[in-house]
Amino acid sequence: MTDTDDTVGPDGPRDDGDDATATGSDSQMTSGDEWEADEETETTRRGWIKWVALVAFVIPVLIEVVTFGGLAVESLFGGDEETATATRTATASAGTDAVTVGDDLLPETPVTETVARSVVRGATDRTYVLRVTVENPTDVPVELRLGTLTVYDGQTVESQSSTGTVPAGGEGEVTGAWELPSGEMPRRVVATELRDGEVAVEREVALARPPIDG
């Protein structure tokens, strides 16, 4: 009786190399899968780092844009009315066209109307005093009137003062006085010039911040 060779099967010799090859392939596939997973993880991590860096850069820029944008909008259109009023009252500033002592009140006219005095009297109960001298080089009589005064919070104070008739080639003077609301300063005054009894010019004149006397 012949011993059976375990390495020979019914279909011929058994090839153990197939199992070794399969095992090696499985091992290589497993290593490849792990490498691809690591690479994907690294790519994801780098992507998150880029997003975090981008957000860290963009947020401060947005804050600056919003801040300066808000200031620009407030400057153009005004903000809270109460805050704006308080700011105007505290600074009491005027534009570059505002007149002060020595300036011509109505430079567009042929008559010379020179601001001779502009002062606020009193520390608490304030009165604004504006004195204007008039020289009339024209050949017709003129008259200068000072009317409504506007303060920085928008309130108006009524008063009427006049030089009376200043003859051709003559001189005159007008002094206006207005009782100011508490804590307020003068901002604009209505000036009217008449020539030969007819209104020639009537407009609001911006006033530079006057000194406080007392």
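The values are calculated or read from the model by the stated rules, or taken from the named source; none is laboratory data. Only a predicted model underlies this, so the values are computations on that prediction, with no experimental measurement involved. FYI the Cβ positions are ideal-geometry reconstructions off the backbone, even for glycines, and counts take in every protein chain you see. Just so you know, the surface numbers come from the protein's heavy atoms only, side chains and all, with ligands and any DNA or RNA stripped out. Shrake-Rupley method; radii C 1.70, N 1.55, O 1.52, S 1.80 Å.
Largest accessible area first, the residues 97, 104 order themselves as 97, 104 under a 1.4 Å probe with ligands, DNA and RNA left out. Site pair residue 168 and residue 202 shows an inter-label distance of 2.5 nm when each label is modelled 7 Å from Cα along Cα→Cβ.
Put simply, the C-alpha atoms of the range 138-214 give a gyration tensor, and the ellipsoid matching it has half-axes of 27, 13, 10 Å, longest first. Computed over the range 82-214, relative contact order equals 29 percent, with contacts defined as Cα pairs under 8 Å that lie 6+ residues apart.
Solvent exposure of residue 63, expressed as accessible area, is near 100 Å², computed with a probe of 1.4 Å over the protein chains only. For the pair residue 96 and residue 54, what calculated FRET efficiency results from E = 1/(1 + (r/R0)^6), where r is the Cβ-Cβ distance and R0 = 41 Å, to the nearest 0.05? Approximately 0.35, to the nearest 0.05.
Label positions at residue 116 and residue 179, each projected 7 Å from the Cα along the C-beta direction, are separated by 2.6 nm.
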